[in-house]
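Here the structure comes first, spelled out in structure tokens, and everything after it is commentary.
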């Protein structure tokens, strides 16, 4: 039986009480695993986000905060709009300075707008663009860098400033050093004057000359590097929370360095990541891998070298991501089936999986028997799932491979005990079960459908799939990538590149 989707014309003839209010598009995180990944990422690189990838923003924003809060008789909304305009002016300068052949050499929020900006330049003159991002208040650098600024000890909340119509932060002593460093760049004051007062276009030669003095690729002078690292790694003169974040980041960098990962050449392997809940409109989703390579290679390195010191949370993150990848892959396999076949009883999906599988012995095996342990390594199974190969088979094999190791079960219970994934996995794959692998396949599908419904209700999002009796039906299909969540390692690599970080920088003078 197939179900045909109703058109808008069809809905017009239905009684209003039969037509439910439309919900926002369904979440890109159908099983609600992003929050657990965020917790783990914060145990490794607190204060960073998937957008914290340029050192220059720390200097630019500290300077902009100070200069804009000095202006008199402005409301906070006007100050923030001036900051947005200043950001757009900066991106324009960087765009014309680097030119169309080198736009990817120096990336910013609004990266995808740069080609359009160049096309808008008329007669070798340019005005400040009206738009570089879909919603700059949410996706601009001020909103995305507020947390890193506070965590790094450069900004502090200032409620009194907010009551006076100022941007509600004050610079710490470290933040003042960053602001001073930017203000010393030769044409910083010209950029500010143009952003606040300039109505006329500037020649591209002028903009390029300005940018040469404050391009984001140049914030690595010895004094600038020291000012940034004093906060980022050492939290000098700050409160306990900031010090704790800095200590954690420093330990993570040392662990990466000890494994020859921090200063390694860029990885050439492709990296696929699940879109983060922090995501905006994808302006930085196409950043190339930088010095650290991708999250997958970093996490699997520590998973495969578990005897190294200070790697507990790296390993926990690897376990979390492999189990999450496996469950998302099984979900994706069910999604693909319903999309092709339409509304169908769940048992027909189970029959389809078993009929198409080349792993009959695996499915017939007892859940925790040696026969249920794939001959492929975890790395190989992860690679197969990234390539969308046999998603249900390889998803099950990866779960049983990971949970078949006692150390991983212990980690799941002792480190990942407060994540919803832990409860989901233990319910789906009970350790005392004598069932065959194929025997729990319908149960897993039911659990994932139930979990998805819970997540959608909590987030107020539309469902992808729903169950009606024994049937599964499509509701709102969304694109779904299979991969690891972002743990910010490639963003850390970008910061290290900008700073020209070397191993001796990890030691405080």
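Observations
- Taking residues in region 464-481 that are without any contact (Cβ under 8 Å) to a residue 24 or more places away in the chain and assigned by TED's automatic domain parsing to the domain that holds residue 347, and partners anywhere that are surrounded by 13 or more Cβ atoms within 10 Å (Cβ to Cβ) and assigned to a loop (DSSP other than H, G, I, E, B), the pairs with Cβ atoms closer than 6 Å and at least 6 places apart or on different chains are 466/475.
- Meets criteria (under 17 Å from residue 403 (Cβ atoms), buried (at least 18 other Cβ atoms within 10 Å of the Cβ), assigned by TED's automatic domain parsing to the domain that holds residue 42 and under 33 Å from the mean Cα position of the chain (by Cα)) for residue 372: no
- Inter-residue pairs, beta-carbon under 8 Å, first in the same structural domain as residue 40 (by TED's automatic domain parsing) and in region 403-428, second exposed (fewer than 14 other Cβ atoms within 10 Å of the Cβ) and part of a loop (DSSP other than H, G, I, E, B), 6+ apart: 403/431; 409/431
To keep it simple, each residue is scored yes or no on (1) touching a helix residue (DSSP H, G or I) at 6+ places or on another chain (Cβ under 9 Å); (2) surrounded by fewer than 16 Cβ atoms within 10 Å (Cβ to Cβ); (3) closer than 28 Å to residue 51 by Cβ.
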| residue | (1), (2), (3) |
| --- | --- |
| 467 | yes, no, no |
| 473 | yes, yes, no |
| 490 | yes, no, yes |
| 501 | yes, no, yes |
| 508 | yes, yes, yes |
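- Filter result (in a strand (DSSP E or B) and within 30 Å of residue 243 (Cβ to Cβ)) within region 454-509: 484
- Lone qualifier among 338, 319, 330 - being in contact (Cβ under 8 Å) with a residue 12 or more places away in the chain, under 24 Å from the mean Cα position of the chain (by Cα), in a helix (DSSP H, G or I) and closer than 28 Å to residue 469 by Cα: 330
- Scope region 119-134; condition at pLDDT below 85 and closer than 18 Å to residue 103 by Cα; matching residues: 119, 120, 121
- Residue match in region 317-327 (condition: under 19 Å from residue 438 (Cα atoms) and in contact with a strand residue (DSSP E or B) (Cβ under 9 Å, 6 or more places away or on another chain)): no
- In the set (1) out of contact with any strand residue (DSSP E or B) (no Cβ under 6 Å at 6 or more places or on another chain); (2) within 21 Å of residue 54 (Cα to Cα); (3) surrounded by 20 or more Cβ atoms within 10 Å (Cβ to Cβ), the condition left unmet by residue 220 is number (3).
Here's the yes/no breakdown for (1) in contact (Cβ under 8 Å) with a residue 12 or more places away in the chain; (2) assigned to a loop (DSSP other than H, G, I, E, B):
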{"position": "91", "(1), (2)": "yes, no"}
{"position": "101", "(1), (2)": "no, no"}
{"position": "108", "(1), (2)": "yes, yes"}
{"position": "113", "(1), (2)": "yes, no"}
{"position": "117", "(1), (2)": "yes, no"}
{"position": "128", "(1), (2)": "yes, yes"}
{"position": "132", "(1), (2)": "yes, yes"}
{"position": "137", "(1), (2)": "yes, no"}
{"position": "176", "(1), (2)": "yes, no"}
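- Given (1) at pLDDT 90 or above; (2) out of contact with any helix residue (DSSP H, G or I) (no Cβ under 8 Å at 6 or more places or on another chain), number of the condition residue 155 does not satisfy: (2)
The values are calculated or read from the model by the stated rules, or taken from the named source; none is laboratory data. Nothing here was measured: the structure is a model prediction, and the numbers come from that model. Reconstructed Cβ throughout: ideal geometry from the backbone, glycine too, with neighbour counts over all protein chains shown.
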